[in-house]
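Values in this text are rule-based calculations from the coordinates and carry no lab data. If you're wondering where the values come from, they're calculated on a predicted model, not measured in any experiment. Here Cβ is always computed from backbone atoms with ideal geometry, including for glycine, and neighbour counts include all displayed protein chains.
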Amino acid sequence: MNKNISIRLFCEVTLRVGEKISLQTEQSHYLKNVMRCKINEKILVFDNNTGEYTAEIVNIHKRSIDIEILEKTKPRYVPGDVWLIFCPLKKTRSDFLIEKSTEIGLRKFLPTYSSKTQTKKVSLNRSRKNIVEAVEQCGGTFIPEILPISSLAEVIEELPEDRILIFCDESLESRNINECLLLDRPEKVAILVGPEGGFSDSERKLLRAKKNILPVSLGNRMLRAETAAVVALTMWHGMVGDWLKKVDHQNHES
Ligand code: SAH
């Protein structure tokens, strides 16, 4: 990340060097009234399409700010092909799960509800805001997608056949995730983490009967769902995903 510039904003539009754009009202307010930015100040901006750029503030109006895109600083980097299937938790715990998973890196969130899930509500607006803030903060250039919630049966049914389902099974009957990943090294995965109440016996049976499923244990202690998501994602990146890949930021093509 460019060490001298601390402000980093996501832009919905595709960015091009030399172009001027007007920032959204909320972002303009943030720059003007919270960060007290002045004309000629530099910020970093990125889109979900071409990467990251330096930009200069060229106009400050009452409600909007115009910036000029100066030079490209990073290409777009798409994280490894991992999805996260999770059950909505209590508000701040869901926020934590979404923020931390985004920082570690994934392509898609699939909220789901199982028999012991306490709430079927997941605010897509709030989640998307959390995702964008996390990407802005961690220097990423890819915004993971979040789908509307659907039942566990539906999510499992609709999972593409070539995607391995890493089932985080708290029954502790499975082998540890590191052993399983070492053996199979699955590159296209969906990690499934249960709700605070865990999975029912019938759900566990249903899941274990599925093809392309990899039941795993995350050690011999019961983790909270959001901790389990962070641990499973981290293990996958460490053993199969992004941490094994050398990224050439100059030449990387998404
Ligand atoms: N209330 C449940 C625990 C649920 S933990 C109980 O006491 O049995 C929430 C989810 O985190 C679980 O459904 C599972 O997907 C994951 N998880 C937590 N600890 C785990 C572990 N040690 N191994 C595998 N998955 C785990």
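Length gained on full extension, ARG16 to ALA153, computed as 0.36 nm times the residue gap minus the Cα-Cα distance: 45.0 nm.
On the basis of the beta-carbon distance and an R0 of 22 Å, GLU26 and LYS246 show a calculated FRET efficiency of 0.05.
Ranking LEU152, ILE57, PHE86 by Cα position along the charge dipole of the chain, where only Lys, Arg, Asp and Glu carry charges on their C-beta atoms, puts ILE57 farthest toward the positive end.
Measuring spread by the Cα atoms of the range 82-244 yields a radius of gyration and Dmax of 14.6, 42 Å. Semi-axes of the equivalent ellipsoid for the range 162-228, computed as √(5λ) from the eigenvalues of its C-alpha gyration tensor and ordered from largest down, come to 18, 14, 11 Å. Placing a label point 7 Å from the Cα of ILE5 along the Cα-to-Cβ direction, the residues of the range 53-69 whose backbone N falls under 13 Å from that point are 53-58, 67-69.
Extension gain, GLU71 to ASN178: 0.36 nm times the residue separation minus the Cα-Cα distance gives 34.4 nm.
Just so you know, the Rg over Rh for the range 40-87 is 1.20, from Cα atoms, with Rh as the Kirkwood radius. Translational diffusion coefficient of the range 8-73 at 10 °C, 1.306 mPa s, Stokes-Einstein with Kirkwood Rh over Cα pairs, in µm²/s as a whole number. Here the translational diffusion coefficient equals 138 µm²/s.
Label sites at ARG185 and LYS205, each approximated as a point 7 angstrom past Cα along Cα to Cβ, lie 3.7 nm apart.
Between LYS38 and ARG107, residue separation times 0.36 nm minus the direct Cα-Cα distance comes to 21.3 nm.
Going from the alpha-carbon gyration tensor of the range 38-162, what semi-axes, largest first and in whole Å, does one get by taking the root of 5 times each eigenvalue?
34, 17, 11
Using every pair of separate Cα atoms, the Kirkwood estimate puts the hydrodynamic radius of the range 91-130 at 11.0 angstrom.
Look at where the Cα atoms of the range 193-243 and of the range 77-124 average out, and the two centres are 13 Å apart. Measuring r between the beta carbons of GLU56 and SER123 and using R0 = 45 Å, the FRET efficiency lands at 0.80.
Pairs exceeding a 19 Å alpha-carbon distance, out of LYS90/LYS116; LYS38/LYS129; LYS100/LYS211; LYS32/LYS91: LYS38/LYS129; LYS100/LYS211; LYS32/LYS91.
Taking θ as phi - 60° and the Karplus parameters 6.51, -1.76 and 1.60, the scalar couplings of the range 24-32 work out to 4, 3, 5, 5, 5, 4, 4, 5, 7 Hz in sequence order, x denoting glycine and proline.
GNM remark for the chain: springs join alpha carbons under 10 Å apart, and the peak mean-square fluctuation among GLU19, GLU196, GLU133 falls on GLU19.
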